[in-house]
Amino acid sequence: MPVNLARTVLTLLLALAAAALCVQLRVPLPWMIGPLIATAALSMLGAPTYSATPLRNAGQWVIGAALGLYFTPQVVALVLGLWWAMLLNVLWALALGVAFGAWLHRVHHGPGVFHIAGLSRSTTYFASPIGGASEMTLMAERRGAQTELVASAHSLRVLLVTLIVPFGFQFAGLHGLDTTLPGPRVVNWPGLASLGALTGMGCWVMVRLRLTNPWFLGAMAVSLAVTASGHTWSAIPTPLTNAAQLVIGISLGVRFTQAFVHLAPRWLASVALGTLVMMALCAGYAWVLAQATQLHWATVLLGTSPGGIAEMAITAKVLQLGVPLVTAFHVTRLAAVLLLAEPMYRWFQDEKT
């Protein structure tokens with residue numbers, strides 16, 4: 001058996017055992033959090049864990065298609081009516097990211113015990129935007145930044161938010177508050193096959209166009225279009241979405257290698273502290289925005305939290321907390337960050353020269 005195949009199979013078995021244990025312990029999001037924690041822990045101990053890219057892509061494909069099923073015509077009208085809240089969320093996320101980057105630079109660039117040799121402003125800037133982790137790393141590389149610091153900052157931020165938010169919501173009893181259910185609720189195998197074929201084509205188009213998150217956003221865009229047009233072909237089987245969460249959890253966990261543990265501990269500590277502060281600020285901001293929109297605070301918090309789009313959308317789906325709104329908030333934010341991150345960096349650099 002090829003080495004990577006053996007490592008993939010062993011990692012999947014480990015993740016499955018961890019998910020089963022978390023189900024028994026009633027951990028929130030057991031099919032994602034169990035594999036994430038187990039894989040991350042063993043990876044940091046040096047175990048040969050492995051995330052197969054085709055499996056991760058398939059997982060994002062399934063989750064994207066499942067989320068699109070929530071966008072019935074009535075829900076689309078509701079989401080479009082909140083365009084102004086999404087615009088405010090974009091502005092909030094951009095401002096928060098800039099402030100986070102400025103703080104990281106202030107702490108680690110100057111002299112003192114927290115000084116990191118060779119730290120550039122481009123490194124702290126691209127380590128701070130909320131969203132587009134892999135794209136921020138590529139942008140940072142083009143600017144000559146320390147990409148290992150940028151990638152580690154985004155990985156740690158997403159990990160902390162993915163773990164803290166679900167546990168916090170479960171502790172507070174915040175779940176099952178969403179009255180918005182996906183369009184189709186029954187699995188229809190011919191309809192599921194048609195949905196799979198069309199969403200697969202959407203993924204392929206996004207890959208060919210080299211757009212961000214192609215397997216997630218491509219599948220979601222097609223599924224959303226089908227559902228919004230009033231068609232209800234099929235629901236997604238629960239075992240399939242559970243399996244998708246499992247491989248996504250693995251793909252997050254394997255990022256935390258032994259090298260990650262030894263990578264500038266002071267940098268990682270600052271990123272962790274900054275992430276916690278951003279989460280607290282987002283909680284306050286979400287409360288204010290919830291008053292203005294008449295939405296539940298938990299839904300708005302998921303939509304404004306500094307986590308990844310797939311992870312927060314999965315959290316909303318599993319806990320039944322406003323899936324369409326959370327997804328729409330994150331999609332618009334991600335698009336804005338990807339479009340504006342580099343132009344904003346150039347503008348800031350021109351201002352300093």
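The values are calculated or read from the model by the stated rules, or taken from the named source; none is laboratory data. As the structure is a computational prediction, the values presented were derived from the model and not from experiment. Glycine gets a Cβ as well: all are built from the backbone with ideal geometry, and neighbour counts include every protein chain shown. Note: areas computed on protein heavy atoms with side chains; ligands, DNA, RNA excluded. Shrake-Rupley method; radii C 1.70, N 1.55, O 1.52, S 1.80 Å.
Which of the residues spanning the stretch 147-157 are polar (S, T, N, Q) and buried (at least 22 other Cβ atoms within 10 Å of the Cβ)?
Step one: list which residues in the stretch 147-157 are polar (S, T, N, Q), which gives 147, 152, 155.
Matches in the stretch 147-157: S152 only.
Return only the number of the condition from (1) part of a helix (DSSP H, G or I); (2) under 30 Å from L149 (Cα atoms) that T212 does not satisfy.
The single condition T212 does not satisfy is (1).
Pairs please, first residue from the stretch 50-70 and in contact (Cβ under 8 Å) with a residue 12 or more places away in the chain and surrounded by fewer than 19 Cβ atoms within 10 Å (Cβ to Cβ), second anywhere and part of a helix (DSSP H, G or I) and among the aromatic types (F, W, Y), Cβ atoms under 6 Å, 6+ apart in sequence or on different chains.
Once the first residue is in contact (Cβ under 8 Å) with a residue 12 or more places away in the chain and surrounded by fewer than 19 Cβ atoms within 10 Å (Cβ to Cβ) and sits in the stretch 50-70, its partners that are part of a helix (DSSP H, G or I) and among the aromatic types (F, W, Y) give N57/W215.
Can you find a residue in the stretch 180-196 that is open to solvent by 70 Å² or more (accessible area, probe 1.4 Å), farther than 24 Å from E311 by Cβ and modelled with pLDDT of 90 or more?
Checked the stretch 180-196: at least one residue is open to solvent by 70 Å² or more (accessible area, probe 1.4 Å), farther than 24 Å from E311 by Cβ and modelled with pLDDT of 90 or more.
For S223, only one of the following conditions fails: (1) open to solvent by less than 50 Å² (accessible area, probe 1.4 Å); (2) of a type in the set (G, A, S); (3) without any contact (Cβ under 8 Å) to a residue 60 or more places away in the chain. What is its number?
Unmet for S223, out of (1) open to solvent by less than 50 Å² (accessible area, probe 1.4 Å); (2) of a type in the set (G, A, S); (3) without any contact (Cβ under 8 Å) to a residue 60 or more places away in the chain: (3).
With respect to L160, determine if the residue is open to solvent by less than 60 Å² (accessible area, probe 1.4 Å), assigned to a helix (DSSP H, G or I) and modelled with pLDDT of 90 or more. Show your work before the answer.
Working: open to solvent by less than 60 Å² (accessible area, probe 1.4 Å): yes; assigned to a helix (DSSP H, G or I): yes; modelled with pLDDT of 90 or more: yes.
Yes, satisfied.
Return yes or no: is G131 buried (at least 23 other Cβ atoms within 10 Å of the Cβ), assigned to a helix (DSSP H, G or I) and either in contact (Cβ under 8 Å) with a residue 40 or more places away in the chain or within 16 Å of the chain's Cα centre (by Cα) (or both)?
It is false that G131 is buried (at least 23 other Cβ atoms within 10 Å of the Cβ), assigned to a helix (DSSP H, G or I) and either in contact (Cβ under 8 Å) with a residue 40 or more places away in the chain or within 16 Å of the chain's Cα centre (by Cα) (or both).
Which residue pairs have Cβ atoms under 7 Å apart, sit 6 or more places apart or on different chains, and have a first residue in the stretch 322-334 that is outside any helix (DSSP H, G or I) and a second that is of a type in the set (D, E)?
G322/D178
Using the structure shown, decide if L67 is modelled with pLDDT under 90 and closer than 24 Å to V326 by Cβ. Working first, answer last.
Working: modelled with pLDDT under 90: yes; closer than 24 Å to V326 by Cβ: yes.
So L67 fits the description; yes.
Taking the stretch 117-128 as the region of interest, how many residues are buried (at least 19 other Cβ atoms within 10 Å of the Cβ) and assigned to a loop (DSSP other than H, G, I, E, B)? Full working, then the answer.
Quick first cut of the stretch 117-128, residues buried (at least 19 other Cβ atoms within 10 Å of the Cβ) only: 119, 122-128.
If we keep only those that are assigned to a loop (DSSP other than H, G, I, E, B) as well, we get 119, 127-128.
Counting residues in the stretch 117-128 that are buried (at least 19 other Cβ atoms within 10 Å of the Cβ) and assigned to a loop (DSSP other than H, G, I, E, B) gives 3.
Tell me, which residue of the stretch 246-273 that is open to solvent by 10 Å² or more (accessible area, probe 1.4 Å) and in contact with a Lys or Arg (Cβ under 9 Å, 6 or more places away or on another chain) is nearest to G34 (Cα to Cα)?
V247
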